[in-house]
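Readers should treat all values here as calculations from the given coordinates under stated rules, not as data from a laboratory. All of these numbers come straight from a predicted model, not from anything done at the bench. Heads up, the Cβs are rebuilt from the backbone with ideal geometry, glycines too, and the neighbour counts pull from every protein chain shown.
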Amino acid sequence: MSGYRQIRTDEGGCECDYGYVDLTVGTEVLAALRGWSALDAGTGWSYFTDTIAIAPGAAQTGAIQLRAVMDDGVATNFFFDSISVTAVRCP
């Protein structure tokens, strides 16, 4: 999986808001495949990539979920662009 992310926050240097890219394959949720906090904030887009091994099986469907866990403090925004997933099946 790869893509771009941008995080903007008004938080004061705390690791208190979290954004995640989750992947579900079949019925298995591979939660927090990739995650960031308010400490990763910046003004530009950052590229990310991750690789994960999935147990072999028959053809399965997958889904990408963007998820945020926030505190009651000031605003943090998580932006994502051009997310893609490449599946490779070994014989």
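Here are the numbers:
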item: Additional length obtainable on full extension of the chain from MET70 to VAL88, 0.36 nm per residue less Cα span; result: 3.1 nm
item: Residues with amide H under 5 Å from that of ARG34, placed H, sequence gap 5 or more; result: VAL21
item: Within-11-Å neighbourhood charge of LEU39 [Cβ basis; K, R +1; D, E -1]; result: -4
item: Residues ARG8, ARG89 arranged by fewest to most Cβ contacts within 10 Å; result: ARG89, ARG8
item: Local net charge near THR49, Cβ-Cβ under 13 Å (Lys/Arg +1, Asp/Glu -1); result: +1
item: Likely footprinting exposure, VAL88, VAL29, fewest C-beta neighbours within 10 Å first; result: VAL88, VAL29
item: Read-out semi-axes √(5λ) of the Cα gyration tensor in Å, derived from the coordinates shown; its label in [x] 22, 15, 11; [y] 32, 18, 11; [z] 29, 14, 9; result: [z]
item: Estimated inter-spin distance, PHE80 and LEU30, nm [label 7 Å along Cα→Cβ]; result: 1.3 nm
